[in-house]
1. Check each of the trypsin sites (Lys or Arg not before Pro) in the stretch 152-199 and keep only those in coil by DSSP with at most 11 other C-beta atoms within 10 angstrom; list them in order.
2. Beyond 30 Å between alpha-carbons counts as too far, so tell me which of Lys16/Lys343; Lys201/Lys316; Lys2/Lys320; Lys236/Lys316; Lys87/Lys333; Lys80/Lys337 fall in that bin.
3. When only DSSP loop residues count, what trypsin sites (Lys or Arg not before Pro) in the stretch 70-131 have their Cβ near at most 12 other Cβ atoms within 10 Å?
4. Calculate one ³J(HN,Hα) per residue across the stretch 94-109 by plugging θ = phi - 60° into the Karplus curve 6.51 cos²θ - 1.76 cosθ + 1.60, and present them in order as whole Hz with x for glycine and proline.
5. Search the structure for amide H atoms under 5 Å from the amide H of Leu41, placed 1.01 Å from N in the peptide plane, and list their residues when 5 or more places away or on another chain.
6. On each of the three principal axes of the Cα atoms of the stretch 106-228, give max minus min coordinate, whole Å, ordered largest first.
7. Mind listing P(r) for the stretch 55-123? All alpha-carbon pairs, 5 Å bins, whole percents.
8. How compact is the stretch 173-321 by the rule of thumb for globular proteins, expressed as Cα Rg over 2.2 N^0.38 Å?
Amino acid sequence: MKIAQVSPLFESVPPKLYGGTERVVSYLTEELVKMGHDVTLFASGDSETSARLISVCPRALRLDSSVIDPLAHHVFMLEKVMQMAHKFDIIHFHIDYIHFPLLRRKKVNSVTTLHGRLDVPDIYSLYNEFREMPLVSISNDQRKPLPFANWLGTVYHGLPEDLYKPAYEKGKYLAFLGRISPEKRPDMAIEIAIRAGMPLKIAAKVDAADREYYEQKIKPLLKHPLVEFIGEIGEKEKGEFLGKAFALLFPIDWPEPFGLVMIESMACGTPVLARRCGSVPEVMEDGVTGVIFESMDEAMKGLEQIESMDRRMVRKVFEKRFTSKRMASDYLKIYYKQIKEVKLAA
């Protein structure tokens, strides 16, 4: 099958540092190539892939200080995609909704995976207008704000099975990985660590939009002797960081569409202590891959449960549910089904 993958340009594929969507696009692209498919990747020029790479910008936009208008690069990329559309059996978009008007006016076999939150009032009317667009969710919970949309299926994210080497010896510290922002609740992670009397290592980036929150709310908390702020880390550092942790803290306070860091931790054999929000009950197996909590008291009891958890079982669940091979197979089923339905409707 000839497949196009259209990635956001904010990060390279895969990202050099933090990045969720582009990382998933990379895993999916590489797995599809490995399966023998002819894949073209539309992404930033500093991306690394075994697929055919087509770029409209030399490097990831977030890391390019000369970029003032990121939308311009995405519109340029869409023009390139549409010029080549006839060459592909299907085009898989990962760029939210900016391509919808083009697809309505040109017959193209496509699917769009939505990677972000959908409970935003601004987008409701837009998705209501474009009800026919074939969409894929990354969790069932993500769909709730748009039940009327043309959902083809839910495909959970996956990682290469050999990406991380699991560690089965219990770690000595708690880990927080991702982004410093109010919805990720690093303040709660710090509170959990202090109440438990356990060291906490925070590996996270601080976006410009969250700089004030970091300076005013989080930075003062980092002075506690149990807390260590490492900063942003990349793929190479994640395995050791997560593998040597006692548990990953995921105390989110928003409708998380998926939560890639949860399965990254599971791939390392490290249990997750996660707050019951968004996709967490779908991704986590409570009492098996970690503990789901709601109150601070439940979080404390959860850490006690994690003490006796089998880290080998955590890894086994990852291998069964969250590999990139499984993810690619799920997407291929959707691709074939969509192509078939478009042909029947013609």
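1. Lys172
2. Lys16/Lys343
3. Lys106, Lys107, Arg131
4. Going residue by residue, I get 10, 10, 6, 10, 5, 8, 4, x, 5, 5, 5, 9, 9, 5, 9, 6 Hz, with x marking Gly and Pro.
5. Residues meeting the criterion, in which the H sits 1.01 Å from N, are Gln5, Arg52, Leu53, Ile54.
6. 59, 38, 23
7. Spelled out bin by bin, the stretch 55-123 gives 3, 13, 23, 22, 19, 14, 6, 0 percent.
8. Normalised by 2.2 N^0.38 Å, the Cα Rg of the stretch 173-321 equals 0.96.
No lab work stands behind these numbers, since they all come straight from the coordinates. Worth saying up front: this structure is predicted, and the values here are computed from it rather than measured. Methodologically, a virtual Cβ is constructed for each residue, glycine included, from the backbone with ideal geometry; neighbour enumeration extends over all protein chains shown.
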